[in-house]
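Notes for the one structure printed next.
The values are calculated or read from the model by the stated rules, or taken from the named source; none is laboratory data. Quantities reported herein were computed from a predicted structural model and do not represent experimental measurements. FYI the Cβ positions are ideal-geometry reconstructions off the backbone, even for glycines, and counts take in every protein chain you see.
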Amino acid sequence: MRILVIEDEKKTARFVKQGLEEAGYVVELAESASAGLTMAANSEFDLVLLDVMLPDGNGMDVARQLRNEGFHGFILMLTALASTKDKVRGLDSGADDYLPKPFEFDELLARVRALLRRKEGGSSVLSFEDLQMDLIHRKVKRAQAEIELTQKEFSLLEFFLRNANRPLSRTEIGENVWDVHFDNESNVIDVYVRHLRKKIDEPFPSRMIHTLTGFGYVLKKDGA
């Protein structure tokens, strides 16, 4: 899941970015309304965390513009304006949820996960063959055997599961699991794929992650 945080308070932005990345999400920061709108127009995001009070505009106006420009992801507003009237205005402007400041990070993370459940049509589980991923409790099982993954391994496997049977280039994997500035010369993708294979492929009779020489990888049924 790719998240754009539009927040001009640097301390808050860094805190939120670090926490979300530790939870396995790919996060980009924008410190102004104009920067956020530009980034949302030039890259795909699943969720925008949007501060209402920005140096060059009102977050509610930003939410309206995002919707008018065809943004279909979720918008979660973060603001010190916590009256019922402010909440209604925020939701009416196009936000999906509204979290008053100050907030506990655990609550923010719970809101993000709740929106993720909505994206999955009410389901919080991704599956392919005998492999299952619980997005809410961050657990993975294959053939009912629980598999321990690091946060980045979890994010990589999630991207494979969301794109099962579709060839994925290294560039596409890097941009979606790491960030838009991913270094194509790096071998980090291949390193993490090897780690993932050791956990979800090698202990089992059939492989799922297949190499596409000179291109990337695909998650598919062995022999398909």
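Of the residues making up segment 1-22, those that are of a type outside the set (D, E, K, R) and surrounded by fewer than 18 Cβ atoms within 10 Å (Cβ to Cβ) are T12, F15, Q18, G19. Is one or more of the residues making up segment 146-155 out of contact with any Gly (no Cβ under 9 Å at 6 or more places or on another chain), in the same structural domain as R67 (by TED's automatic domain parsing) and crowded, with 16+ Cβ neighbours inside 10 Å? No: zero hits. If I filter segment 1-54 down to residues being free of Cβ contacts under 8 Å to residues at least 24 places away in the same chain and within 17 Å of F71 (Cβ to Cβ), which single residue comes out as nearest to the chain's Cα centre (by Cα)? It comes out as N42.
If you take the residues in segment 1-45 that are in a strand (DSSP E or B) and modelled with pLDDT under 90, which one is nearest to V112 (Cα to Cα)? Filtering first and then ranking leaves R2. Within segment 192-207, one or more residues are outside any loop (DSSP other than H, G, I, E, B) and closer than 30 Å to N42 by Cα.
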